[in-house]
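Novice: Pasting a structure here, questions to come.
The values are calculated or read from the model by the stated rules, or taken from the named source; none is laboratory data. Note that the structure is a prediction, hence the values are computed from the model and not measured. We place every Cβ from the backbone using ideal geometry, glycine too, and count neighbours over all the protein chains shown.
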């Protein structure tokens, strides 16, 4: 199944102009540029916060005759990346302190300076000016126990109900063992996503093109995917083997009015549980089908010296692939969660997470995938949306790893190691290394993959596809110009033979 999907992308890649491929991947290919190329030089300057110099060099390179189209698009993306970074880093020091003082009214200058030096208040120096990430004041309380203890009000959890052991985990494990199958306890759900483009974000009369994420058909994980309705009608679904699947819609903008797109669908989701016996796990035979999942994949999966050092410290002398996976899972689980800047602004997600000392679900997952691959354990991406039978919902990233003889099994390092209650089987601690709940929908089975139909302009999200993408003939419609929302309803699960 994976081979067919991989081939379909490579076949598509060969038939597209290079510039269009680069545009749909939104700069992902530029990591293969020579170190002394104008593109790589621009990336280095942007990463260093030297925006004025980067802009000068980009303008000079764009003016050169005979510039290849892919290089031109890559340079233009670096210009766009600078604009996006400035949308994320909006606070000066006074504004950052004011944000912290909302919860610590008597914050001292010394406290702020100490936490800042420790890297707990994310900032960048851009052209000599220190600018703080707009979510840094809130992230501080997730990263520092000292700051959290000083907080005026307790920090709200914000966690999914699935991040603590509950009856769903217990039932999933119990039923999987009793039924001798890995997919059990299904949920059937109807979901509607609505995207609302703000009034006059696009000129009246212009057609807005929209790609809303849509569930993949994944046997044993989610199936019976059915489009129920769309607004406007006539949604065009990407083929079932599209690695980042979407529903495509078009609508004309009207003066003074928001433009709304929506898609409703139903599907059945199965919880998964594999009872993994480390003694039975052997190193995987790396077939051509598995080879891509132990390889580097620039820009976000690169086996840097720092990644190797982190791996050596976590793994030690362990040789068993499952035990290695447990050690790496536990090591990444120690990296605290914090709200993330837009992925499109980050040159290398795994390296960023390693050095930032924090990460959100996608950043943690990318780091774990890179570490597993470095150790010869095949690993790949999944992502989509999670919900509960209450009010909780959020976009989310997780992954899969390949363990012989079990095959592909799930992993969710953000949910991490659970804490069994008295009377629980201790094996539930590792539920999310080999298991998965039935309260998530996978839109994507890979990252940075092209849409069907292709997007013509740079994507707002260059790695993931969970909120949607929009454009018109004048260019991309970025996240600051629209909003999204999910609603859902759990329905009776259809009875299926053998389920």
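Novice: Would you be able to tell me the number of residues in segment 426-462 that are in contact with a helix residue (DSSP H, G or I) (Cβ under 9 Å, 6 or more places away or on another chain) and farther than 22 Å from residue 196 by Cα?
Specialist: Qualifying residue count for the region: 19.
Novice: Report whether or not residue 110 is surrounded by fewer than 17 Cβ atoms within 10 Å (Cβ to Cβ) and assigned to a helix (DSSP H, G or I).
Specialist: yes
A quick yes/no check of all residues on (1) out of contact with any strand residue (DSSP E or B) (no Cβ under 6 Å at 6 or more places or on another chain); (2) farther than 20 Å from residue 403 by Cα; (3) assigned to a loop (DSSP other than H, G, I, E, B):
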position	(1), (2), (3)
272	no, no, no
309	yes, yes, no
329	no, no, no
332	yes, no, no
339	yes, yes, yes
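Novice: Let me ask you something else. Evaluate segment 418-440: report whether one residue or more is within 18 Å of the chain's Cα centre (by Cα), more than 29 Å from residue 190 (Cβ to Cβ), touching a residue at least 24 places away in the same chain (Cβ under 8 Å) and assigned to a loop (DSSP other than H, G, I, E, B).
Specialist: Checking segment 418-440: not a single residue is within 18 Å of the chain's Cα centre (by Cα), more than 29 Å from residue 190 (Cβ to Cβ), touching a residue at least 24 places away in the same chain (Cβ under 8 Å) and assigned to a loop (DSSP other than H, G, I, E, B).
Novice: Checking the conditions here, which among 400, 382 is within 28 Å of residue 172 (Cβ to Cβ), outside any loop (DSSP other than H, G, I, E, B) and either free of Cβ contacts under 8 Å to residues at least 24 places away in the same chain or not assigned by TED's automatic domain parsing to the domain that holds residue 250 (or both)?
Specialist: Checking each option against the conditions leaves just 400.
Novice: Just one of (1) in contact (Cβ under 8 Å) with a residue 24 or more places away in the chain; (2) exposed (fewer than 14 other Cβ atoms within 10 Å of the Cβ); (3) farther than 28 Å from residue 135 by Cα trips up residue 314, so point out which.
Specialist: (2)
Novice: Which of the residues spanning segment 165-220 are touching a helix residue (DSSP H, G or I) at 6+ places or on another chain (Cβ under 9 Å) and either surrounded by fewer than 17 Cβ atoms within 10 Å (Cβ to Cβ) or outside any strand (DSSP E or B) (or both)?
Specialist: Matches in segment 165-220: 165, 168, 169, 170, 173, 181, 182, 198, 201, 202.
Novice: In the set 429, 473, 380, which member is out of contact with any strand residue (DSSP E or B) (no Cβ under 7 Å at 6 or more places or on another chain) and within 19 Å of residue 324 (Cα to Cα)?
Specialist: From the options 429, 473, 380, the qualifying one is 429.
Novice: Taking segment 221-242 only, how many residues are assigned to a strand (DSSP E or B) and under 17 Å from residue 383 (Cα atoms)?
Specialist: Residues in segment 221-242 being assigned to a strand (DSSP E or B) and under 17 Å from residue 383 (Cα atoms): 3 in total.
Novice: Here's a follow-up. Given the conditions (1) closer than 18 Å to residue 339 by Cβ; (2) under 28 Å from the mean Cα position of the chain (by Cα); (3) surrounded by fewer than 19 Cβ atoms within 10 Å (Cβ to Cβ), report the number of the one that residue 95 does not fulfil.
Specialist: Every listed condition holds for residue 95 apart from (2).
Novice: Further question: Pairs only if they're at least six apart or on different chains, beta carbon under 7 angstrom, first in segment 126-150 and surrounded by fewer than 17 Cβ atoms within 10 Å (Cβ to Cβ), second at pLDDT 95 or above and part of a helix (DSSP H, G or I); list them, first residue then second.
Specialist: From segment 126-150, the pairs are 127/51; 127/52; 130/93; 148/141.
Novice: I would also like to ask the following. Inside segment 465-475, can you point out the residues that are outside any loop (DSSP other than H, G, I, E, B) and touching a residue at least 60 places away in the same chain (Cβ under 8 Å)?
Specialist: Result: 469, 470, 471, 472.
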